[in-house]
Amino acid sequence: MTKYLYLIIVLSCFKIYSQEILTKNDIYAKDSLVYKLQDNKLFTGKVQNFKHKTHLVSEIEFIDGILQKSTVYANGEEVVILDEDYYYEKSPQIKKKIRYSFDHKITSTTYYEKNGNKKLEEEFKDGVLIYSCPYSNNKKNGTLFSINKNGEKNECLFENGKLIKHI
């Protein structure tokens, strides 16, 4: 009995929002916001794209009509996330792009400035940083760090896209 009472208290303390799942035919965009065709209200939820009705290919998330995130999937024996893009608020500009290997052991993340220029690239293998490179104006700029397949660490200094020296 106390478990149920506790559950009721916890649920009443939080606002619970149900997310709608629609298709691209159920929404429309106006002034960089997305609305539901059904009632012309700002859309909060997910828009899913399927191939052959059961093969989930991609998903786009909106909150109050604002694009938040897009996800691309691979379908085999199970659904696997391949790419995730996170967006700047009220902008179609990507803030962060994450790419995964099929087994999710390697994760590659690219960060972008609001103007679309690449800011930083990082790659992790089994949670360990194996590559990092800062950018300025879409050119390598700063210390590039990497670990090769033999486990050896390498560092190079770049300025405005040009290799200055190996460290």
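Where in the stretch 40-84 are there strands (runs of 3 or more DSSP E), lying fully within it, with 3 or more residues that are closer than 15 Å to THR23 by Cα, out of contact with any Gly (no Cβ under 7 Å at 6 or more places or on another chain) and open to solvent by 60 Å² or more (accessible area, probe 1.4 Å)?
Filter on the stretch 40-84 gives 45-51.
Could you tell me which of the residues ILE60, ILE66, ILE94 is in contact (Cβ under 8 Å) with a residue 24 or more places away in the chain and within 24 Å of GLU113 (Cβ to Cβ)? Break it down into steps so the answer makes sense when it comes.
On the way: ILE60 fails: in contact (Cβ under 8 Å) with a residue 24 or more places away in the chain; ILE94 fails: in contact (Cβ under 8 Å) with a residue 24 or more places away in the chain.
Going through ILE60, ILE66, ILE94 in turn, the sole match is ILE66.
Strands (runs of 3 or more DSSP E) wholly in the stretch 113-155 with at least 3 residues that are under 18 Å from LYS96 (Cα atoms), open to solvent by less than 40 Å² (accessible area, probe 1.4 Å) and touching a residue at least 60 places away in the same chain (Cβ under 8 Å) - which ones?
Correct list: empty, since no element meets the threshold.
Can you give me the number of residues within the stretch 97-108 that are closer than 14 Å to VAL128 by Cβ, in contact with an Asp or Glu (Cβ under 6 Å, 6 or more places away or on another chain) and assigned to a strand (DSSP E or B)?
1
Would you please name the residue that is modelled with the lowest pLDDT, looking only at residues in the stretch 23-39 that are surrounded by 10 or more Cβ atoms within 10 Å (Cβ to Cβ) and polar (S, T, N, Q)?
SER32
Based on what the data block shows, is GLU20 open to solvent by less than 100 Å² (accessible area, probe 1.4 Å), of a type in the set (D, E, K, R) and at pLDDT below 95?
Considered against the rule, which asks whether it is open to solvent by less than 100 Å² (accessible area, probe 1.4 Å), of a type in the set (D, E, K, R) and at pLDDT below 95, GLU20 comes out as yes.
Which condition number in (1) assigned to a strand (DSSP E or B); (2) out of contact with any strand residue (DSSP E or B) (no Cβ under 6 Å at 6 or more places or on another chain); (3) among the acidic types (Asp, Glu) is the one that GLU89 fails?
(1)
From the list GLU61, GLU84, GLU123, GLU89, exactly one residue is of a type outside the set (S, T, N, Q), within 15 Å of the chain's Cα centre (by Cα) and over 30 Å from ASN25 (Cα atoms). Which is it?
Numbers: GLU61 fails: over 30 Å from ASN25 (Cα atoms); GLU84 fails: over 30 Å from ASN25 (Cα atoms); GLU89 fails: over 30 Å from ASN25 (Cα atoms).
None of the others qualify; the one that does is GLU123.
Considering (1) farther than 19 Å from SER91 by Cβ; (2) among the charged types (D, E, K, R); (3) at pLDDT below 95, say which one GLU59 fails and leave the rest.
All conditions are met except number (3).
The values are calculated or read from the model by the stated rules, or taken from the named source; none is laboratory data. Keep in mind that this is a model prediction, so the values were computed, not measured. Neighbour counts are summed over all protein chains in view; Cβ atoms, including those assigned to glycine, are modelled from backbone coordinates with ideal geometry. With ligands, DNA and RNA removed, areas are computed over all heavy atoms of the protein, side chains included. Shrake-Rupley method; radii C 1.70, N 1.55, O 1.52, S 1.80 Å.
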